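Peer 1: To start, I am sharing the structure in question, which I have written as structure tokens.
The values are calculated or read from the model by the stated rules, or taken from the named source; none is laboratory data. Owing to the predicted nature of the structure, the values given are computational and were not obtained by experimental measurement. Every residue, glycine as well, gets a Cβ built from its backbone with ideal geometry; the counts of neighbours run over all protein chains shown. What goes into the accessible areas is simple: the full protein's heavy atoms, side chains included, and nothing from ligands, DNA or RNA. Shrake-Rupley method; radii C 1.70, N 1.55, O 1.52, S 1.80 Å.
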Amino acid sequence: MKTDLPSPLIEGLSKVRTVGAITGAGVSAESGIQTYRGQGGLYDDPEEGDRTVESLSGSTLRADPGRTWRAVAGLARMAQDAVPNPAHRALANLEDRLDHFVLLTQNVDGLHKMAGSRNIIDIHGDVFATRCMSCGDEGRLDRETLQQLNDAPSCDRCYGVLRPDAVLFGESLPHEKLTRIYEEFHAHPPDLILVIGTSAMFPYISSPIHSARRQGRITVEVNPEPTVLTDKVDYSLRGPAGLILPALVDRINQKQ
Ligand code: OAD
């Protein structure tokens, strides 16, 4: 299927040398990973959604780390065979060709990295990464081990309890990553900001769009549904990321 982009956008893309992309669960929907909100989302059933949020909270981790890990393992099983889709690959391809590219993602599924993206701010962390709650040692779990966990794994060094190196509900965001968002998106906004597959519920996700617009950059949303950002961006492209992003990236690459 062909994607028609508006002519003024095509014209604007011809001048783009730097891009910032902001992604949410929707960019991985076509890889078979469930979104959080919307039809068929994890929070669709309010009771189930509340249970998931509770299991994935900082307070549950402290009281019962096994419960948190079982919830993480359950999510990992749902994403069992997920591989990057054309949207992840288009973003990785863009990074190879531009003067500067930065990707701010809320996803913890690791698919951007798997597709080849490098300059990533994974603001909610990475569920495959681990940190010991006693000695702070950092490590990684492979997919299979994560999917099979039935209790909290322990540290090879001190036998302390490991935690997922992801931001759980009720926890603060890492200061160093917030500083990177400020530097990359507010202090020096890229020529083009793409916001893809997110309901943009959090201010650190929506505020780069406001900054970019104030500073005269091009802002584009890619989403099959309208969101709180739809009226705030220059262009809202309605449709699946796997279809629209490759077309957008082709256009940008044609001008390099
Ligand atoms: P949401 O589940 O809130 O939103 C997913 C968005 O993706 C929706 O706007 C959908 O319309 C859109 N979407 C669905 N299919 C798509 C497709 N094929 N292409 C493009 N877009 C599509 O996910 P996030 O905005 O990522 O936090 O949610 C943000 C955070 O809320 C998550 O990181 C998680 C959750 O609570 C934590 O776990 C800390």
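Peer 1: Run ALA187 past the list (1) loosely packed, with under 15 Cβ neighbours inside 10 Å; (2) hydrophobic (A, V, I, L, M, F, W, C); (3) within 16 Å of the ligand (Cβ to nearest atom) and report the number of the one that doesn't hold.
Peer 2: Tallying (1) loosely packed, with under 15 Cβ neighbours inside 10 Å; (2) hydrophobic (A, V, I, L, M, F, W, C); (3) within 16 Å of the ligand (Cβ to nearest atom), ALA187 fails exactly one: (3).
Peer 1: Restricting attention to segment 52-62, does a residue exist that is of a type outside the set (D, E, K, R), modelled with pLDDT of 85 or more, part of a loop (DSSP other than H, G, I, E, B) and surrounded by 15 or more Cβ atoms within 10 Å (Cβ to Cβ)? I'd like the intermediate steps shown before the answer.
Peer 2: Our first condition is that a residue be of a type outside the set (D, E, K, R); within segment 52-62, this holds for 52-53, 55-61.
Next cut, modelled with pLDDT of 85 or more only: 52-53, 55-61.
Add one more test, that the residue is part of a loop (DSSP other than H, G, I, E, B), and what stays is 56.
When the remaining residues are screened for being surrounded by 15 or more Cβ atoms within 10 Å (Cβ to Cβ), the result is 56.
Checking segment 52-62: at least one residue is of a type outside the set (D, E, K, R), modelled with pLDDT of 85 or more, part of a loop (DSSP other than H, G, I, E, B) and surrounded by 15 or more Cβ atoms within 10 Å (Cβ to Cβ).
Peer 1: Name the pairs whose Cβ atoms lie under 9 Å apart, with the first residue in segment 41-66 and over 26 Å from MET133 (Cβ atoms), the second assigned to a helix (DSSP H, G or I), and 6 or more positions between them or separate chains?
Peer 2: That search, which allows pairs on different chains as well, returns GLY41/ALA25; GLY41/GLY49; TYR43/GLY49; TYR43/ASP50; TYR43/THR52; TYR43/VAL53.
Peer 1: Filter segment 143-172 down to the residues that are open to solvent by 40 Å² or more (accessible area, probe 1.4 Å), assigned to a loop (DSSP other than H, G, I, E, B) and in contact with a Phe, Trp or Tyr (Cβ under 9 Å, 6 or more places away or on another chain) and list them by number.
Peer 2: ASN150, ASP151
Peer 1: If we scan segment 108-116, do we find a residue that is of a type in the set (D, E, K, R), in contact with a Cys (Cβ under 9 Å, 6 or more places away or on another chain) and surrounded by 20 or more Cβ atoms within 10 Å (Cβ to Cβ)? Give the steps one after another, and end with the answer.
Peer 2: First pass over segment 108-116, keeping only residues of a type in the set (D, E, K, R): 109, 113.
If we keep only those that are in contact with a Cys (Cβ under 9 Å, 6 or more places away or on another chain) as well, we get none.
Within segment 108-116, not a single residue is of a type in the set (D, E, K, R), in contact with a Cys (Cβ under 9 Å, 6 or more places away or on another chain) and surrounded by 20 or more Cβ atoms within 10 Å (Cβ to Cβ).
Each row is one residue, and each column tells you yes or no for (1) in contact with a Cys (Cβ under 6 Å, 6 or more places away or on another chain); (2) surrounded by fewer than 18 Cβ atoms within 10 Å (Cβ to Cβ); (3) without any contact (Cβ under 8 Å) to a residue 40 or more places away in the chain; (4) assigned to a loop (DSSP other than H, G, I, E, B).
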| site | (1), (2), (3), (4) |
| --- | --- |
| LEU194 | no, no, no, no |
| SER199 | no, no, no, yes |
| ILE205 | no, no, no, no |
| GLY216 | no, yes, yes, yes |
| THR219 | no, no, yes, no |
| LEU248 | no, no, no, no |
| ILE252 | no, no, no, no |
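Peer 1: Hand me the list of strands (runs of 3 or more DSSP E) wholly inside segment 89-132 holding 3 or more residues that are within 16 Å of PHE185 (Cβ to Cβ). Break it down into steps so the answer makes sense when it comes.
Peer 2: On the way: elements: 100-105, 120-122, 125-132.
Those strands (runs of 3 or more DSSP E) span 100-105, 120-122.
Peer 1: Provide a single number: the residues in segment 221-236 that are more than 9 Å from the ligand (Cβ to nearest atom) and surrounded by fewer than 23 Cβ atoms within 10 Å (Cβ to Cβ).
Peer 2: 9
Peer 1: Which members of segment 224-256 meet the condition of being over 21 Å from ASP191 (Cβ atoms) and of a type outside the set (Ser, Thr, Tyr)?
Peer 2: Quick first cut of segment 224-256, residues over 21 Å from ASP191 (Cβ atoms) only: 224-228, 230-231, 238-240, 242-243.
PRO224, GLU225, PRO226, VAL228, ASP231, ARG238, GLY239, PRO240, GLY242, LEU243 - these are the residues of segment 224-256 that are over 21 Å from ASP191 (Cβ atoms) and of a type outside the set (Ser, Thr, Tyr).
Peer 1: Counting only residues that are assigned to a loop (DSSP other than H, G, I, E, B) and of a type in the set (A, V, I, L, M), which one in segment 26-51 is farthest from the ligand (Cβ to nearest atom)? Give the steps one after another, and end with the answer.
Peer 2: At the first step, the residues of segment 26-51 found to be assigned to a loop (DSSP other than H, G, I, E, B) are 32-45.
Those left that are additionally of a type in the set (A, V, I, L, M): 33, 42.
Values: ILE33: 10, LEU42: 7 Å.
Ranking the candidates gives ILE33 first.
Peer 1: Separate question: Scan segment 31-51 residue by residue and report those that are open to solvent by less than 90 Å² (accessible area, probe 1.4 Å) and at pLDDT 90 or above.
Peer 2: SER31, GLY32, ILE33, THR35
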